[in-house]
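This report concerns only the one structure given below.
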Amino acid sequence: MLYTACFREAEKYPGEKWSIARSQGRHHYKPLKILWPTWDMVQGIKQKQISEVEYTRRYYAILDRIDLQRLKNFVEAIQERDIVLLCHEAEGQFCHRRLVVQYLMEKLGLNSELVEVH
């Protein structure tokens, strides 16, 4: 099962905790750097210098550059064990962890029944 959550809610979910945020603040989870947005994207969306549409376009471009086999391995891991993708944004806010899930469902056929997005 793949869960997504903000750092504050991480312990509510079972499984391995992985940070996909460029900075973790006081949190110390395993970093999954291949899913990090660029620092310019992080600052741009926070400062409203780029739109959610532009952020999504740029983030998908990052995901498109990841070796497909690595992503397939990640999807296979989700089927075998619980994994929690973490970042700063609270539930309901625009967030790249949701984009990861959307991308994996669209590009690799991740089964939505294996996903719980928060």
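The values are calculated or read from the model by the stated rules, or taken from the named source; none is laboratory data. Keep in mind the model is a prediction, meaning the values are calculated, not measured. Cβ: placed from backbone, ideal geometry, glycine included. Neighbour counts: every protein chain shown.
Against the definition (surrounded by 11 or more Cβ atoms within 10 Å (Cβ to Cβ) and modelled with pLDDT of 95 or more), how does residue 57 come out, yes or no?
When the stated conditions are applied, residue 57 passes them.
Looking only at residues in the range 7-17 that are out of contact with any Leu (no Cβ under 7 Å at 6 or more places or on another chain) and either aromatic (Phe, Trp, Tyr) or outside any loop (DSSP other than H, G, I, E, B) (or both), which one is surrounded by the most Cβ atoms within 10 Å (Cβ to Cβ)?
13
Name the residues in the range 92-111 that are more than 13 Å from the chain's Cα centre (by Cα), surrounded by 12 or more Cβ atoms within 10 Å (Cβ to Cβ) and not hydrophobic (A, V, I, L, M, F, W, C), would you?
Selection gives 107, 111.
Being under 21 Å from residue 92 (Cβ atoms), outside any loop (DSSP other than H, G, I, E, B) and in contact with a strand residue (DSSP E or B) (Cβ under 8 Å, 6 or more places away or on another chain) is the requirement here; does residue 21 meet it?
When the stated conditions are applied, residue 21 does not pass them.
For the range 24-64, which residues satisfy the criterion of being of a type in the set (Ser, Thr, Tyr), part of a loop (DSSP other than H, G, I, E, B) and touching a residue at least 12 places away in the same chain (Cβ under 8 Å)?
Scanning the range 24-64 gives 29, 38.
Given the criterion at pLDDT below 95 and either surrounded by fewer than 17 Cβ atoms within 10 Å (Cβ to Cβ) or closer than 22 Å to residue 112 by Cβ (or both), identify the matching residue among 63, 2, 32, 86.
32
Okay, residues lined up against (1) of a type in the set (Val, Ile, Thr); (2) over 19 Å from residue 46 (Cβ atoms):
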position: 80; (1), (2): no, yes
position: 84; (1), (2): yes, yes
position: 89; (1), (2): no, no
position: 93; (1), (2): no, no
position: 98; (1), (2): no, no
position: 103; (1), (2): no, yes
position: 112; (1), (2): no, yes
position: 116; (1), (2): no, yes
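Look at the range 14-65 and say how many of its residues are more than 27 Å from residue 1 (Cβ to Cβ) and not β-branched (Val, Ile, Thr).
Going through the range 14-65 one residue at a time, the tally reaches 14.
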